[in-house]
1. Per residue of region 506-516, in order, report the coupling 6.51 cos²θ - 1.76 cosθ + 1.60 (Karplus, θ = phi - 60°) as ³J(HN,Hα) in whole Hz, putting x for Gly and Pro.
2. If I take R0 = 60 Å and measure r between the Cβ atoms of E70 and R538 in this structure, what FRET efficiency does the formula 1/(1 + (r/R0)^6) give, to the nearest 0.05?
3. Which residues does a label at N192 reach in region 232-273, if reach means a backbone N under 20 Å from a point 7 Å past the Cα toward the Cβ?
4. Please work out the FRET efficiency for the pair T81 and R463, using the Cβ-Cβ distance as r and a Förster radius of 30 Å; give the result to the nearest 0.05.
5. Please compute the length gained on full extension between H246 and M1, using 0.36 nm multiplied by the number of residues separating them and subtracting their Cα-Cα distance.
6. Ranked from the most accessible area to the least, with a 1.4 Å probe and all protein chains present, what is the order of D633, D203?
7. Fully extended, how many nm does the chain gain between F645 and Q566 (0.36 nm per residue separation, minus their Cα-Cα distance)?
8. Using 0.36 nm times the number of residues separating Q474 and K153, minus their current alpha carbon distance, what extension gain do you get?
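The values are calculated or read from the model by the stated rules, or taken from the named source; none is laboratory data. Bear in mind that the values here come from a model prediction, so they are computed numbers and not experimental data. Note: ideal-geometry Cβ built from the backbone for every residue, glycine included; neighbour counts use all protein chains shown. For the accessible areas, the whole protein counts, side chains as well, though only heavy atoms, and no ligand, DNA or RNA atoms are used. Shrake-Rupley method; radii C 1.70, N 1.55, O 1.52, S 1.80 Å.
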Amino acid sequence: MRRRCTWNIFQSIEYAGEQDQNKLHNFFTFLMDHFTPASSERNLISHLFRENDICCDTEWERYFCCKSVEVPDSYTGPRLTFPMTFCDVSKLVEAFKRRQLHARYVLQLLEETWKLLRNLPNINQVSICHTKEITICGDLHGQLEDLLLIFYKNGLPSTEKPYVFNGDFVDRGKSSLEILLILFGFQLVYPNNVHLNRGNHEDHIINLRYGFTKEVLGKYRVHGKKILKLLQKIFSWLPLATIVDHKVLIVHGGISDATDLDVIARLDRHKYVSTLRPPKQSLHTSSSNTRIPNSDILVESRRRAHSLTNQNPAPAGRHDFPRRSLQNSSICGKISWSVEKELNKKQRQIDFHPYGDMKKSDSDSDTGGSVRDYDEWKQIVDMLWSDPMPQNGCIPNEVRGGGCYWGPDVTKDVLRRHNLKLLIRSHECKQEGYEFCHDRQVLTIFSASNYYEFGSNRGAYIRMGPNLNPHLVQYQASRTCRELTLRQSISWTERSALQALQQQLFIHKSDLISAFQAFDPNNTGWISTRDWASATERTLKLGLPWRVLRPQIVSSTQHGMMEYKQWIRELSFTDSHLKISGTSILEIMYKNHSNLETIFRIIDTDHSGVISMEEFGKTWRLLSSHLNMQVSDKAVADLADSIDFNKDGVIDINEFMEAFRLVSAQEETCGSDFTMQTLSVTENV
């Protein structure tokens, strides 16, 4: 039970973060689609959507050119030759244990990879001969130790040892770029035996939030921006699926009731550089002369999503996933109420009518598409973002905010229509590294062990022979975790999960107080533990068993009652003196930390890691529009001046991150008793 509760905490917080990212990007998309090209908010983020500004192959080849990048004699890393050989990649694997590859070789390797990928089909067809086995790996998420352990246990890729890597190579871990370069290298050496599928994290918008952008810019300060631009293009050319012997479909996320492999095989995958941004609907469809405004499509999408949700409620309890309503739509493009209010305000200010006759900018016309484009995009998003559920049907994925949930009836129908026997997918961390569902017709494989915390989960990979029966191999990359007993492992991960949960409680202090006071009309400061659990879930929307977790979160109760004001005070030692309508700037910062860091990196267009005081103000104004809140210019200016520790007039990303860092101060424990970690705040501001 403790292990299950711990797992629910980690997974609920992870998926809440994905929802936040989708909401933030939908906000950006709404600005791009409906604000005038001259508006300041749109100008701040417009560079994110210039996805095809270099579209001609010859121009891309010039962009990849690295002849001017010199390798100094002092460089001690591997010196690659092209075409690459097995020896080159082996040197690369060994080198990444200690050092990084020179930027010149990174650029050359990416150029060769791009040339290879653009000649591959959307769906790779792989055959297993009688003497071979194919190895299938799931998410790696930048954890190089897991990849090296797989190679140690299973052998390096070769003509006799083919591999399929099923997406999500990057983000979260610290070695995402090394994993990419190793996999690209092996694919160049063995193009018919190493296959890479695209995952939902092979997306430059997602990378802004989950660490890959930060990693590349930190490792390659001079050429990092160029490397990121090339990877943005390469990600769009990754194949979407692999089929083994015409019977086993391997895809990162999954399927939906609309999945059609014939359509997927024909579409131009490279058009969809970010799968978070749907193609802009053109005013005329290719099949008729009927005018279809974006507003009509949006309304129809909302109606269908609402209808599906009413017919099939969200799958409560599915793998103990959180059940919560999504305020911002997943795939259908619902826009939050705060964003719509902001749009209306802007329209009144500038007399702008988004759905009437208007002059389009060049960027608008370039991004125009057809209804067919929208359907193709939907197919891709379903493949990269979806999750299975135990109930029949297909409904929007309200937990992640993207893709869908699909049931066993959908699995059976899609496999039958395409004459398949098994669907292998990844996308979800599993405690044992794998999981069967849908009458064993769907197999989830996840290859990043210790994903949430040391000991939280095993990794696994699949070996499959000509009989197409999957043989599962489990492992745990950390020797420390392998030496822990089950009880020690659970206590370790439980401690970390409860700390993460306490952070979530801390950053929602004001909201929690308001929710508790609704159950305390006489302002006694006491509420029942039942009301505490109800109000906490209503505020955090994590779908957790709060009454089970209460003894580890609440220090004391009396006769089923708790003093909630004292409990709120125990969440932190400090309080901020800067107030905005009764809410501290610090609390707003903590609550929207990832969103604000993402906007920070977007506004830092030259990827220098530094933004000016003026740009910091723009960051806050954009966040304020997203959250529909008012922040005074003086409060923001005071905050910016406090963050600028070295007083050089600019804010770098390290100052920004350090100023609002939560620090845990673990209390002493006695025997085997577990004492909650208490959070304090570094009083840098």
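1. Going residue by residue, I get 4, 6, 10, 4, 4, 5, 5, 4, 4, 5, 5 Hz, with x marking Gly and Pro.
2. So, using R0 = 60 Å, E works out to roughly 0.50.
3. Hits in region 232-273 for N192 at 20 Å: 239, 242-247.
4. Plugging the Cβ-Cβ distance into 1/(1 + (r/R0)^6) gives 0.40.
5. 84.1 nm
6. Most to least solvent-accessible, the answer reads D633, D203.
7. On the way: separation 79, 0.36 × 79 = 28.44 nm, distance 3.35 nm.
Gain on extension, F645 to Q566, equals 25.1 nm.
8. 114.5 nm
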